[in-house]
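The values are calculated or read from the model by the stated rules, or taken from the named source; none is laboratory data. These numbers were taken from a predicted model, which means no experiment stands behind them. Here the Cβ positions follow ideal geometry from the backbone for every residue, glycine too, while neighbour counts run over all protein chains shown.
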Amino acid sequence: MRSALLTLRRVSGLPVAFGGFFTAQDHVRISELTGNVGNSLRGLAVAAGNGLGGKAAALARPVSVADYPSARTISHEYDGAVAAEGMRALVAVPVIVRRTVRAVLYGGLRQPQVLGDRTLTAVVSAARELEQRLVAREEAQRMLSHLGAPGTDPAWEEVRQVHAELRALAVRVGDETLRARLHDASARLAAAAAPAGERPAGPTTPGLSPREIDVLAMVARGRTNADTAEQLGLRTETVKSYLRSAMRKLGAHTRLEAVVTARRTGQLP
């Protein structure tokens with residue numbers, strides 16, 4: 001969600017973005033904000049049909065207003081929280097996965113203004129990117145379950161976090177002996193997670209380089225190419241190159257398929 005909001009601000013030029021996922025109670029709970037000056041919107045539970053975001057969710061399409069306080073096309077249950085943040089012009093876009101609204105993204109200005117088509121299109125594109133990420137994550141989980149990998153066990157998620165941190169730490173270590181020990185420790189974690197009967201005899205079957213494993217470890221944690229580049233001290237284009245190389249070696253057509261194959265062969269936990 002936070003990555004989607006940062007993308008929204010970057011591509012739309014809107015200074016404020018916030019959003020949240022639907023809860024079991026059929027409310028969108030605002031969980032992430034960027035560009036905000038206060039916390040009046042944080043934790044706000046927006047019911048489907050109510051306010052700007054609730055209307056966008058109910059209609060399953062983007063909704064915008066040029067001046068929130070005076071808008072007559074929406075209900076005003078949340079005026080206090082919106083006013084406390086100083087928001088005026090706002091757009092809300094639903095995030096729809098498999099015909100179900102899963103979240104709502106908002107972008108806005110602190111002055112009244114009709115939001116043009118270019119701005120609205122940019123906000124919609126950020127929502128579509130989040131939709132694709134959610135679909136990809138669910139598909140990866142489905143594939144992991146099908147493969148019999150550790151999958152959703154919280155303990156394994158902790159192992160994967162430690163593995164990624166070890167890989168990132170090794171990059172910053174100047175001592176070659178210590179770096180090799182960190183790589184060995186991370187490889188042992190990865191091999192331990194491989195499904196029975198599929199653990200490779202060697203440490204890098206089918207021949208991924210340490211840098212390719214570093215990149216895949218970050219991808220497996222849901223990091224973007226830009227995040228991965230920052231963590232590993234690389235350029236974004238270099239990260240993309242390593243990712244393409246790893247996908248080719250693993251016979252994968254998508255980054256998530258590469259992660260699943262690397263886990264199945266014991267190169268990622």
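The residues on offer are Arg29, Arg2, Arg61, and the sole one that is closer than 17 Å to Pro94 by Cα, touching an Asp or Glu at 6+ places or on another chain (Cβ under 7 Å) and surrounded by fewer than 18 Cβ atoms within 10 Å (Cβ to Cβ) is Arg2.
Listed here are the strands (runs of 3 or more DSSP E) enclosed by the range 1-57 that have at least 1 residues being touching a residue at least 24 places away in the same chain (Cβ under 8 Å) and closer than 21 Å to Val114 by Cα: 16-22. Taken as a whole, the range 91-106 holds no residue that is at pLDDT 95 or above, surrounded by fewer than 16 Cβ atoms within 10 Å (Cβ to Cβ), assigned by TED's automatic domain parsing to the domain that holds Leu8 and in a loop (DSSP other than H, G, I, E, B).
When the test is whether a residue is modelled with pLDDT of 90 or more, assigned to a helix (DSSP H, G or I) and in contact with a helix residue (DSSP H, G or I) (Cβ under 9 Å, 6 or more places away or on another chain), Val219 does not pass it. Of the residues Ala140, Ala126, Ala149, Ala81, which single one is at pLDDT 95 or above and either surrounded by 18 or more Cβ atoms within 10 Å (Cβ to Cβ) or not aliphatic (A, V, I, L, M) (or both)? Every option except Ala81 fails the conditions.
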